[in-house]
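Where a number appears in this text, it was derived from the coordinates with a stated rule and is not lab data. The model shown is predicted, which means the values in this text are computed figures rather than measured ones. Backbone-built Cβ (ideal geometry, glycine too); neighbour counts: all protein chains shown.
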Amino acid sequence: MSESPAPSPRALFLSPSFFGYESDIERALIDDGYAVDFFDERPTNSSAAKAIFRIGGRPVQLLVQAYYRRILAATVTNSYDLVLVIKGEVVPLSFLQEFRRRNPDAHFVYYSFDAIPAGSNCTRLFDEFDALYSFDPADVAADARFTLKPLFYSSQFSSSSPESPRSHDLTFVGTMHSDRYRFVTSLFKSFTNTYGFFYVPARWYFYFNKYISRNFAGVPTSTVSFAKLDKSAVAAIFRDSRAVLDLQRSAQSGLTMRTFEVLASGAVLVTGNTAIRQSELFDPSRIVVVDDYDAADASTRLREVLDALPPLVGAPNGFERHSIENWVREFSK
């Protein structure tokens, strides 16, 4: 008589929504053999709610506690092998403690894809985890319990050597900021075939900055978009670009998701993150670091890098180790 197959290991996955990457992680865990129960860590994702969660207060605590009681009720009959929490901005300490009581053999893992502010909710949770990871070297240096774990790229961005030359010499896809716009448009002047996509999340925000604060005074309305590009469209643009700009927030030292997506697509990365020079990823033949947002200097160095590369080039050798499939495997015990 044949034995019944062993049940799949089960994972509880809590994460904020962040551009669909939470869905990519869930699929990668499933591909790695897990049955996954995913819950957004926030009860709601409206802009107003996000702001209220950061402020806190008794009404917010009651809303969050009620939401996590529903998660406990929905998972009470299951036994879990992995508990993965990303960011943990609103996860109650009592929830993790109760979940640990119910699943004493589960492996509890925390990951942050953003710099961790002092005193934030997540810092109260750290003692409940078996493993702590951050993408940010500064967080790892500040807390010996943390392990550095950079981000990843999703499969849509993968590129073997292209069959024809890429259409765009230089591309930027990102959120509209006045400093970014000035630098990007200045750099674009040095290249013939460019692609720029400047996203603004709300019309009122753009017009306020254009006509009231004057931060966007020189930005034509025709150059911005109030609708996002979906991830597959961004990936297709990157795979058709020789170089892509990534201009992250100045407070971050960790490597952005865009870093891995650009390199996986086979494009040259042009980045304002000077900390990348200390990363094992750094290769001056594939990465141009922008110092002090000097467009003339960046243009000269990017031209040198592009001229040295063959016209048909894919991702760096061995870059698949940064795929999301490999990224999730480290979370297993």
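Under a plain spin-label model, where a point goes 7 Å from the Cα along Cα-to-Cβ, how far apart in nm are ARG101 and TYR293?
5.2 nm
Treat each spin label as a single point 7 Å out from the Cα along the C-beta direction, and report the ARG182 to SER17 distance in nm.
3.5 nm
Would you please classify the overall shape of the range 10-149 from the alpha carbon gyration tensor, given that a ≥ b ≥ c denote the square roots of the eigenvalues, rounded means a/c under 1.5, and beyond that prolate means a/b larger than b/c while oblate covers the rest?
In terms of gyration-tensor shape, rounded.
What's the FRET efficiency of THR77 with ASP40 using the Cβ-Cβ distance as r and R₀ = 22 Å, to the nearest 0.05?
0.55
Taking a quarter of the surface of the convex hull around the Cα atoms of the range 77-206, what do you get in nm²?
13.6 nm²
Quick query: amide H of ALA35 versus all other amide H atoms, modeled in the peptide plane; which residues come in under 5 Å with a sequence gap of 5 or more or a different chain?
So ALA35 has HN proximity to ARG10, ALA11.
In nm, give the distance between the simple-model label positions of ASN326 and GLU304, each being 7 Å from the Cα along the Cα-to-Cβ direction.
3.0 nm
Given axes a ≥ b ≥ c from the Cα gyration tensor, I'd like to know whether the range 63-110 is rounded (a/c under 1.5), prolate (a/b larger than b/c) or oblate.
Because a/c hits 1.5 or more and a/b fails to exceed b/c, the range 63-110 counts as oblate.
Once you order the gyration tensor axes a ≥ b ≥ c over the Cα atoms, which shape class does the range 155-319 get: rounded for a/c under 1.5, otherwise prolate or oblate by comparing a/b with b/c?
Prolate.
Just the ratio, please: alpha-carbon radius of gyration of the range 234-300 over 2.2 N^0.38 Å, N its number of residues. Intermediate values should be presented prior to the final figure.
Details: Rg = 11.3 Å, N = 67, 2.2 N^0.38 = 10.9 Å.
With N residues counted in the range 234-300, Rg over 2.2 N^0.38 Å equals 1.04.
Would you mind telling me which residue in ILE30, ILE212, ILE276 has the biggest mean-square fluctuation in a Gaussian network model of the chain, where springs connect alpha carbons within a distance under 10 angstrom?
ILE212
In which sequence would THR271, THR75 go, from the one with the fewest C-beta neighbours within 10 Å to the one with the most? Could you put the intermediate results ahead of the total?
Values: THR271 22, THR75 17.
Fewest to most other Cβ atoms nearby, the residues stand as THR75, THR271.
Quick one: if the Förster radius is 35 Å, what FRET efficiency do SER120 and ASP31 give, using the C-beta to C-beta distance and rounding to 0.05?
Once rounded, the FRET efficiency stands at 0.65.
Kindly count the pairs of lysines across the chain whose alpha carbons are less than 21 Å apart, treating pairs on different chains or eight or more residues apart as eligible.
6
Just for the Cα atoms in the chain, what are the lengths along the principal axes, largest first, rounded to whole Å?
64, 58, 36
What is the extension gain from ARG277 to ARG69, computed as 0.36 nm multiplied by their sequence separation minus the C-alpha to C-alpha distance, in nm to one decimal?
70.3 nm
For the chain, what does -39500 (n - 2.57) per DSSP helix run (n ≥ 4), summed and divided by total residues, give at 222 nm, in deg cm²/dmol to the nearest 500?
Working: 11 runs with 107 residues, N = 333.
Helix contribution divided over all residues of the chain: -9500 deg cm²/dmol.
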